[in-house]
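Asks: If you scroll down you'll find the structure; I have some questions about it.
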Amino acid sequence: MPEETTEQVIARMRPHARALVLSIVLLWVLSFFAMFLQDRIDWEPWNTVVVVAAIVLAAILCVFPYLAWLSRQYTITTRRVTLRSGFGGIRREVLLSRVHDITLRRRGLQAMFGSGDVLISTGGERAIVLADVPNAALVLRALNELLEDSTEDA
């Protein structure tokens, strides 16, 4: 009688945090300009306009990108790879037994930071892309080992 193994979580990760650098810099710039523009014009509601504009711009340019980054999560288990993204809860998953090929693609600054895009191909469907994964070479090696273990068990 074959022994059933329970599914174990190998890794949970988000895209590389480098994606948040621009938002942080924009937040600093917005706060500097908001402080600089305070009391510059002799018009009573000016300070309120500056603060409201800074808050709206910070929400659009800083908070929303952070929430978008937080909403994307990759989970690798002993049986499957799951990608959750978006505010609506879009979820894609692929069983390791269906995977034909795993590829690492690096563009721009990804090689310098050790991140990359891991493409998981199942053959018939479009590939699942784990975009801008930190420590991409380690993730690729772990997925290859899991794939080898799942083919040996079959």
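The values are calculated or read from the model by the stated rules, or taken from the named source; none is laboratory data. Note that the structure is a prediction, hence the values are computed from the model and not measured. Reconstructed Cβ throughout: ideal geometry from the backbone, glycine too, with neighbour counts over all protein chains shown. Just the protein is used for accessible areas: all its heavy atoms, side chains included, with ligands, DNA and RNA removed. Shrake-Rupley method; radii C 1.70, N 1.55, O 1.52, S 1.80 Å.
Asks: Output the relative contact order of the chain, whole-number percent, from Cα pairs under 8 angstrom with separation of 6+ residues.
Replies: In percent, rounded to a whole number, it is 21.
Asks: Let me ask something additional. I need the calculated FRET efficiency for the pair Thr103 and Val9, taking r as the beta carbon distance and R₀ as 25 Å, to the nearest 0.05.
Replies: Using R0 = 25 Å, I get an efficiency of 0.60.
Asks: What's the extension gain from Asn135 to Arg18 if we count 0.36 nm per residue and subtract their Cα-Cα distance?
Replies: Taking Asn135 through Arg18 to full extension adds about 40.9 nm, to one decimal.
Asks: Given springs between every Cα pair under 10 Å in a Gaussian network model of the chain, which of Asn135, Asn47, Asn144 has the largest fluctuation?
Replies: Sorting by GNM fluctuation, first place goes to Asn47.
Asks: Here is a follow-up. Keeping every protein chain present and rolling a 1.4 Å probe, give me the accessible area per residue for the chain in Å².
Replies: 67
Asks: Would you work out what percent of the accessible area of the chain, with all protein chains in place, is carbon or sulfur (probe 1.4 Å)?
Replies: Here carbon and sulfur together make up 61 percent of the probe-accessible area.
Asks: Over the alpha carbons of segment 14-154, what is the largest minus smallest coordinate on each principal axis, giving the biggest first in Å?
Replies: That works out to 77, 32, 22 Å along the principal axes.
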